[in-house]
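Here the structure comes first, spelled out in structure tokens, and everything after it is commentary.
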Amino acid sequence: MAKKVKKRELGRGIKALLQDYDAAPTPRRTEVVKELNAEPFRIPVDAIEPNPYQPRVVFDEEALAELSASIKVLDVIQPLTVRRVSEGRYQLISGERRLRASRMAGLADVPAYVRTADDQGMLEMAIVENIQRADLNPIETAIGYQRLIDEVGLTHEALSDRMGKRRSTITNSLRLLRLPPELQQALKAKRISAGHGRALAGLDDIAMQLALLRQVERDGWNVRQTEEQVKRITQPKASSQSKKQGEAGLSPVLSDIQRQLAGHYGSKVSLKRQANGKGEFVIHFGSDDEFNRILEKLRGE
């Protein structure tokens, strides 16, 4: 008899459990479906917290003002993406610029997609969406890539898959982070392009990099001209006449001096030295402005 009682109680327990299972998840499923719905819904601006993983750190105030004026007339055309952090509170995943402009425009609420993500997912989504859709400068893009590598643990290959870009593109972008601060600032301010930055990254000497940066900005060199100048500095060719005169090849020390002189004058320098110790060095120039600049340096010395 005891066994029968126990069996009935067990049966009632399973039935009750199944009833609870059928009833309890219904509102939760509705909430999840709502959050994963493809249609955005409006969220109060004051209920959205900033994204601690925001890869963009520089915002053009004039561009923000223009976007704010547009939002006043047309509303936010591209919804933000947020995640729910508590009842009535959300954290921004992407759309920092749109959120700032909406606040400037005095909007009480904004359209947004609500997604579920942990911190790693947030970081990935924020950076990927910003790089793909926003006008980040080359340094911000490179910092985003580096954070995905350092904080999320992605390899260059995995990052390439995530971004839909060739691995060489990712690698070349990351090289920009090895440039000195002055060059990185020039990239942030868009005084030079990422192509210029990659070319200058081919030089190991910081003084030489800065000298060429000044020349690029002053003479308006394009990327091709910059690459050619870097090649002339890093791969100097011995002239056929030097060989005929029996001049000795440059030692590593003299080669380094030649590179330093090129960096100092911001121009190609040819250093020639014969076996008896005699020789010369020639400073090349390609325009009157460049010639005058070299003269000023010489007089200053």
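The values are calculated or read from the model by the stated rules, or taken from the named source; none is laboratory data. Everything numeric here is computed off the predicted structure, so don't read it as measured data. No Cβ is skipped: glycine too gets one built from the backbone with ideal geometry, and neighbour counts run over all protein chains shown.
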Inset, instruction - Evaluate segment 219-235: report whether one residue or more is surrounded by 14 or more Cβ atoms within 10 Å (Cβ to Cβ), of a type in the set (Phe, Trp, Tyr) and under 30 Å from residue 255 (Cα atoms). - result: yes
Legend entry - Which listed residue is part of a loop (DSSP other than H, G, I, E, B) and either exposed (fewer than 12 other Cβ atoms within 10 Å of the Cβ) or modelled with pLDDT under 85 (or both), from 8, 28, 56: 56
Legend entry - Filter result for residue 153 (over 14 Å from the mean Cα position of the chain (by Cα) and farther than 28 Å from residue 287 by Cβ): yes
Legend entry - Conditions (1) within 19 Å of the chain's Cα centre (by Cα); (2) farther than 30 Å from residue 128 by Cβ; number of the one not met by residue 220: (1)
Inset, instruction - Would you check if there is a residue in segment 200-209 being of a type outside the set (Val, Ile, Thr), closer than 30 Å to residue 78 by Cβ, surrounded by fewer than 19 Cβ atoms within 10 Å (Cβ to Cβ) and under 16 Å from the mean Cα position of the chain (by Cα)? - result: no
Inset, instruction - Would you point out which residue out of 99, 176, 136, 92 is without any contact (Cβ under 8 Å) to a residue 40 or more places away in the chain and surrounded by 19 or more Cβ atoms within 10 Å (Cβ to Cβ)? - result: 176
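Name the residue that is surrounded by the fewest Cβ atoms within 10 Å (Cβ to Cβ), counting only residues in segment 185-199 that are in a helix (DSSP H, G or I) and at pLDDT 90 or above.
195
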Inset, instruction - Would you mind finding the one in 201, 207, 186 that is in contact with a Gly (Cβ under 6 Å, 6 or more places away or on another chain) and either assigned by TED's automatic domain parsing to the domain that holds residue 267 or in contact (Cβ under 8 Å) with a residue 60 or more places away in the chain (or both)? - result: 207
Inset, instruction - Select from segment 96-118 the residues that are part of a strand (DSSP E or B) and among the hydrophobic types (A, V, I, L, M, F, W, C) and write down the one among them that is farthest from residue 61 (Cα to Cα). - result: 114
Legend entry - Selection count where residues are touching a Lys or Arg at 6+ places or on another chain (Cβ under 9 Å), modelled with pLDDT of 65 or more and surrounded by 17 or more Cβ atoms within 10 Å (Cβ to Cβ), scope segment 236-263: 3
